[in-house]
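The values are calculated or read from the model by the stated rules, or taken from the named source; none is laboratory data. From a predicted model like this one, the values you see are computed outputs, not experimental measurements. A quick note on method: Cβ atoms are made from the backbone with ideal geometry, for glycine too, and the neighbour counts reach across all protein chains shown. Please note that ligands, DNA and RNA were not included when accessible areas were found on the heavy atoms of the full protein model with its side chains. Shrake-Rupley method; radii C 1.70, N 1.55, O 1.52, S 1.80 Å.
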Amino acid sequence: MEIGNLFAEASQNAGVVDLDFLVLTIISMAIFLLVFTLVLVFCIRYRRGSNAKRGRLPEIMRREIEAGWTAGTVFLALFIFWWAVAAPAALQGQPAPALKIHIYAKQWMWQVEHPNGAREINTLHLPVGTPVHLLMTSQDVIHSFYVPAFRAKHDVLPDRIVELEFLPTKIGTFHLFCAEFCGTAHSQMTGQVIVMRQEDYAHWREVQPQSETLAAEGAALFHSLGCSGCHDPASAVHAPDLRGVFGHIVQLQGGRQVVADEAYVRDSILLPDKDIVAGFAPIMPSFSNVVNNGQIESLIAYIRSLSPQESAQ
Amino acid sequence: MSDITAGAYEYSRTPSIGAVDNYLTHGRTLRSWLVTTDHKRIGILYALSITVFFFIGAIAMAIVRLDLITPAPDLVSDDTYNKLFTLHGIVMVWFFLIPSIPATFGNFMLPLMIGAKDVAFPRLNLTSWYLFVIGALFTIGCIVAGGVDTGWTFYTPYSSQYSHGFVIPAAAGVFITGFSSILTGLNFITTIHSLRTPGMHWFRLPLFVWAMYTTSAVMILATPVLAMTLLLMSAERFFGIPIFDPARGGDPLLFQHLFWFYSHPAVYIMILPAMGVVSEIFTCYARRRIFGYSFMVYCMVGIAVVGFFVWGHHMFVAGQSPFANLVFSFMSFVVAVPSAIKVFNWTATLYRGQITFESPFLYCLGFLWLFTFGGLTGLVLATVPLDVHLTDTYFVVAHFHYIMVGGSVSAFFAALHYWWPKITGRMYDEAWARFAAILMFFGFNLTFFPQFIMGYAGMPRRYHAYAPEFQIFHVLSTAGAAVLGAAYALPALYLLWSLRRGERAGPNPWCATGLEWQTESPPPRDNFRTPPVVVAAPYQYHSETHGPDYQHRDIERAQGTV
Ligand SMILES: [Cu+2]
Ligand SMILES: [Cu+2]
């Protein structure tokens with residue numbers, strides 16, 4: 001359990017960030033000490049009535065010194081900037097068949113979906129030593145996914161998919177925080193990141209309730225809500241066949257194209273007028289007042305299961 | 001007055017003739033205050049209003065800090081907690097810090113320092129104060145109605161669609177107050193351009209005047225953007241016009257860009273005046289000309305200009321392109337350079353001085369320490385990979401309190417103690433004042449230093465409940481806040497006391513060189529009985545050829561006009 005450890009470094013990046021911080025702290029302390037040693041010395045030496053030499057400032061003190069420390073500060077600032085940019089650049093180009101995990105943030109919880117469909121809430125299980133690629137979106141306001149031990153953070157925006165990559169290097173349990181103020185229970189929008197040995201993770205993932213169960217629920221809803229009345233290939237209504245849609249390119253009216261991902265399917269159900277599939281009339285009603293979040297997840301799982309290679313991923 | 005060197009003291013030795021006839025005795029009714037166009041009285045009206053707000057903001061934070069003693073969210077409810085820190089932020093930023101030095105000491109001192117009778121548009125000046133009050137009423141109305149919980153940053157879509165608080169009244173308060181800033185800025189710039197007394201060339205202006213000039217420019221250019229941002233946000237909230245709502249084609253990040261386009265320069269609205277104050281006081285108590293006057297001026301102008309191009313450093317993790325991150329990071333390093341040069345120049349001003357340690361100087365030393373520390377941690381935050389880890393944690397909270405409270409508020413108190421004799425004509429108890437200055441410094445560090453540590457450990461800001469390992473830092477911080485609270489309350493006591501019992505100050509108790517000291521304390525309604533003429537650069541604390549001596553100070557004290 002690493003949670004009590006204030007400064008745990010648990011990702012490849014963490015060490016780099018800490019080193020950056022250390023170097024900057026040393027430089028800052030040097031500047032700070034320089035300034036305040038001078039202030040102290042002057043305050044003592046030139047206190048009123050002391051018999052230190054006064055007189056006018058030497059000429060060199062005016063021009064050269066002024067120009068000198070101006071140039072010095074400029075140079076130092078540029079150097080730190082260059083150095084800070086160079087350091088993370090060296091990290092780039094990780095060889096990465098990364099593990100892609102979806103994160104759905106909403107007031108006030110983190111929903112996680114693993115590649116095989118395993119889901120969890122406010123916990124994130126990860127294998128150690130494997131690059132992780134998070135695809136995150138929010139269902140309401142802006143949140144921010146923050147794991148201090150990984151020194152990793154990214155805001156999670158509504159209607160946008162944002163990405164965050166890191167490589168966990170340490171087994172243990174770490175804090176997951178929401179770092180962007182998101183309303184009443186912002187401070188309770190926390191969770192745990194559990195980094196496990198790779199085989200433990202594989203095993204953990206297998207024994208999770210799979211999305212098949214969700215998909216089955218979704219199938220039932222698909223009938224009970226009347227979706228099948230239009231979308232069933234045998235139906236008389238002219239509506240797209242949803243088999244093979246998920247994960248593929250959809251042609252929209254107006255010539256745009258989108259990849260049918262979760263957000264797209266969600267929008268199709270909640271805001272059907274937003275993107276109209278080319279060649280169809282906008283007759284699909286919105287279900288935004290009919291289905292709750294859980295039911296949408298089930299419907300999405302079902303539609304995903306209609307695209308075989310997607311659900312097998 | 002012949003010049004502002006030796007001759008100045010000549011003048012100040014003459015007993016203050018019109019002790020009865022000054023701006024305070026010029027009309028004694030409440031009405032005479034409420035319809036006054038005297039910049040000095042308006043400065044005091046502002047001072048009284050922001051003091052009220054300072055205590056409202058402080059009380060809100062006191063409750064928050066008490067709640068944070070334990071990890072559990074026990075003292076108040078989640079919503080109340082969110083409303084309290086929002087209130088603290090809104091009140092402290094817009095109703096205290098932004099007007100603090102410019103609207104009080106700027107109003108009072110600026111015309112005096114350039115030898116003018118008043119500001120260029122005295123009635124507009126009063127209008128600014130009324131706008132401030134109307135904005136303040138909206139804010140108080142919002143608090144009374146039940147508060148607002150968006151944080152002072154009003155981020156959308158939370159503020160525009162999800163918050164249940166009184167967002168629109170709060171935004172209206174800030175919106176209206178913004179016009180007060182704009183008009184004040186306009187007034188100051190016109191005043192400095194057109195009302196300088198003969199001989200007061202641009203490069204003879206005291207640095208405080210330059211500070212007011214650059215601050216005003218930033219106010220005029222940045223505040224309209226804030227007004228616009230708040231209007232757009234209110235339009236989305238009130239009329240449902242989708243501007244920031246991504247579900248309907250809006251852009252959720254647009255708000256942040258607009259907001260920080262104002263709010264980063266706003267930091268300089270708060271710190272430039274502080275820099276002006278410190279330059280006045282360092283020179284006075286070191287009896288030394290300012291080191292590198294023209295550099296000090298260029299630095300302030302540089303800060304004001306470059307300050308407009310760094311707003312994106314608030315958004316490194318918001319989803320802005322990596323290239324933009326790089327550019328904003330670079331600009332943030334650039335803007336640090338002039339601030340650093342100013343710190344070096346203040347330090348060099350002490351060299352070969354005749355330093356005495358009166359309370360205004362102590363406050364300024366506190367400023368120097370806290371501002372330098374805050375600035376250096378700013379470099380940490382300007383470094384993208386570090387900011388990714390630290391943004392939205394207590395590290396940021398600590399950083400900006402070091403700058404805005406450690407820096408600006410220390411300078412505010414320095415200014416208050418420095419100019420108090422001029423404003424009221426009375427001296428306060430110096431021992432108490434020194435004690436308060438030292439107490440404030442230690443209280444401040446105890447409050448905010450622990451926040452750097454817990455921030456680096458990952459404690460997010462705006463958290464009502466938190467993980468137990470952070471408790472020790474919160475307890476320290478709350479203890480510090482208690483000390484700090486006492487240090488803020490103390491001046492209220494001994495300054496009030498000085499109003500009745502304080503020794504008479506005489507025109508120039510510090511033997512300072514600024515024009516404001518060349519007239520009586522308190523100054524007459526029209527500032528100067530004879531218009532001053534300036535013949536030399538400011539800060540003539542010693543002759544060109546000799547270092548500062550101090551004899552005249554003692555003579556001055558002995559012959560004081562008490
Ligand atoms: Cu959140
Ligand atoms: Cu949150």
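A few points about this structure:
- B:LEU84 falls short on exactly one of the conditions (1) at positive phi; (2) within 14 Å of chain A (Cβ to nearest Cβ), and that condition is (1).
- Within segment A:10-38, residues that are facing chain B (nearest Cβ under 8 Å) and at negative phi have Cβ atoms under 6 Å from residues that are open to solvent by less than 10 Å² (accessible area, probe 1.4 Å) and among the charged types (D, E, K, R) in these pairs: A:ASN13/A:ARG151; A:VAL17/A:ARG151, counting only partners at least 6 apart in sequence or on another chain.
- Taking the criterion of being more than 16 Å from ligand 2 (Cβ to nearest atom) and in a loop (DSSP other than H, G, I, E, B), the residues of segment A:136-179 that qualify are A:ARG151, A:ASP159, A:ARG160, A:ILE161, A:LEU167, A:THR169, A:LYS170, A:ILE171.
- Those residues of segment B:157-178 which are within 8 Å of chain A (Cβ to nearest Cβ) and either assigned to a loop (DSSP other than H, G, I, E, B) or within 26 Å of the chain's Cα centre (by Cα) (or both), in sequence order: B:PRO157, B:SER163
- Note on segment B:232-254: residues that are within 10 Å of chain A (Cβ to nearest Cβ) and of a type in the set (Asp, Glu) amount to 2.
- Total residues in segment B:440-498, condition in contact with a Pro (Cβ under 6 Å, 6 or more places away or on another chain) and part of a helix (DSSP H, G or I): 5
- Within segment B:417-434, none of the residues are small (Gly, Ala, Ser), crowded, with 18+ Cβ neighbours inside 10 Å and over 28 Å from B:LYS40 (Cα atoms).
- Index of the failed condition, A:TRP204 passing every other in (1) open to solvent by 10 Å² or more (accessible area, probe 1.4 Å); (2) assigned to a strand (DSSP E or B): (2)
- For the criterion of being in contact (Cβ under 8 Å) with a residue 40 or more places away in the chain, under 16 Å from B:ILE271 (Cβ atoms) and of a type outside the set (Ser, Thr, Tyr), B:LEU368 passes.
Residues checked against (1) within 16 Å of ligand 2 (Cβ to nearest atom); (2) more than 30 Å from B:TYR466 (Cβ to Cβ); (3) at pLDDT below 90; (4) among the aliphatic types (A, V, I, L, M):
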| site | (1), (2), (3), (4) |
| --- | --- |
| A:THR190 | yes, no, no, no |
| A:VAL193 | no, no, no, yes |
| A:TRP204 | no, no, yes, no |
| A:LEU214 | no, yes, yes, yes |
| A:PRO233 | no, yes, yes, no |
| A:VAL245 | no, yes, yes, yes |
| A:ASP261 | no, yes, yes, no |
| A:TYR264 | no, yes, yes, no |
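- Segment A:163-176, subset within 16 Å of ligand 1 (Cβ to nearest atom) and open to solvent by 10 Å² or more (accessible area, probe 1.4 Å), residue farthest from A:GLU9 (Cα to Cα): A:LEU164
- Those residues of segment A:136-150 which are facing another protein chain (nearest Cβ under 7 Å) and surrounded by fewer than 23 Cβ atoms within 10 Å (Cβ to Cβ), in sequence order: A:ASP140
- Residue check for B:LEU390: free of Cβ contacts under 8 Å to residues at least 60 places away in the same chain, closer than 19 Å to A:PRO148 by Cα and either open to solvent by less than 10 Å² (accessible area, probe 1.4 Å) or within 10 Å of another protein chain (Cβ to nearest Cβ) (or both): no
- Tabulated pairs, segment A:183-205, first within 12 Å of chain B (Cβ to nearest Cβ) and under 15 Å from A:VAL147 (Cα atoms), second within 16 Å of ligand 2 (Cβ to nearest atom) and open to solvent by 50 Å² or more (accessible area, probe 1.4 Å), C-beta under 6 angstrom, 6+ apart or interchain: A:GLN188/A:TRP108; A:MET189/A:TRP108
- Scanning segment B:296-322 for residues that are part of a helix (DSSP H, G or I) and modelled with pLDDT of 90 or more yields a count of 18.
- Segment B:356-367: number of residues that are surrounded by fewer than 24 Cβ atoms within 10 Å (Cβ to Cβ) and under 21 Å from A:LEU57 (Cβ atoms): 1
For (1) acidic (Asp, Glu); (2) in contact (Cβ under 8 Å) with a residue 60 or more places away in the chain; (3) surrounded by fewer than 16 Cβ atoms within 10 Å (Cβ to Cβ), each residue gets a yes or a no:
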| position | (1), (2), (3) |
| --- | --- |
| A:TYR46 | no, no, no |
| A:ARG62 | no, no, yes |
| A:THR73 | no, no, no |
| A:VAL85 | no, no, no |
| A:GLU120 | yes, yes, no |
| A:ALA152 | no, yes, no |
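- When B:LEU226 is tested against the conditions (1) within 12 Å of chain A (Cβ to nearest Cβ); (2) surrounded by 20 or more Cβ atoms within 10 Å (Cβ to Cβ), the lone failure is (1).
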